[in-house]
Amino acid sequence: MLDEETVDAFFVESKRVADAMSTSFAADDRTPTVFHKETNSITLPPGFTQAYKAYMDSELYLAGMSEELG
């Protein structure tokens, strides 16, 4: 069972990550991922990298989810 403070903190952090992700959608749609054949690497849009970093920094991926939810 989670206490109210923990749940509130989870929602605050979730909103922060969602805000970081939403700001990149329009700009990243106009700046596609580029594949560099010569180096076999890619360049991701800056907004995606920032959004992904915000998600990883939040550690929300560590939150458990019951198997019934998928």
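The values are calculated or read from the model by the stated rules, or taken from the named source; none is laboratory data. This one's a predicted model, so the numbers in the text were calculated from it and none came from an experiment. Neighbour counts run over all protein chains shown; Cβ positions are idealised from the backbone, glycine included. Please note that ligands, DNA and RNA were not included when accessible areas were found on the heavy atoms of the full protein model with its side chains. Shrake-Rupley method; radii C 1.70, N 1.55, O 1.52, S 1.80 Å.
Couplings 3J(HN,Hα) of region 26-31, computed from phi: 5, 5, 5, 5, 8, 10 Hz, in residue order, whole Hz [Karplus 6.51 cos²θ - 1.76 cosθ + 1.60, θ = phi - 60°; x for Gly and Pro]. For the chain, which whole-number percentage of the solvent-accessible area (1.4 Å probe, protein heavy atoms only) is attributable to carbon and sulfur atoms? Ligands and nucleic acids excluded, carbon and sulfur reach 61 percent. Under the combined filter of DSSP loop state and at most 16 neighbouring Cβ atoms within 10 Å, the chain retains these GluC sites (Glu not before Pro): Glu38, Glu59.
If a/c stays under 1.5 just call it rounded; otherwise compare a/b with b/c (prolate if a/b is bigger, oblate if not). Do that for region 17-63, with a ≥ b ≥ c from the square roots of the Cα gyration tensor eigenvalues. Oblate, since a/c reaches 1.5 and b/c is not below a/b.
Accessible surface for Tyr52 stands near 120 Å², nearest 10, in the context of the full protein assembly shown (1.4 Å probe).
Give the accessible surface of the chain per residue, rounded to a whole number of Å², with probe radius 1.4 Å and ligands, DNA and RNA excluded. Result: 85 Å² per residue. Shown here for the chain: trypsin sites (Lys or Arg not before Pro) in loop regions (DSSP other than H, G, I, E, B) with at most 16 other Cβ atoms within 10 Å, namely Lys37.
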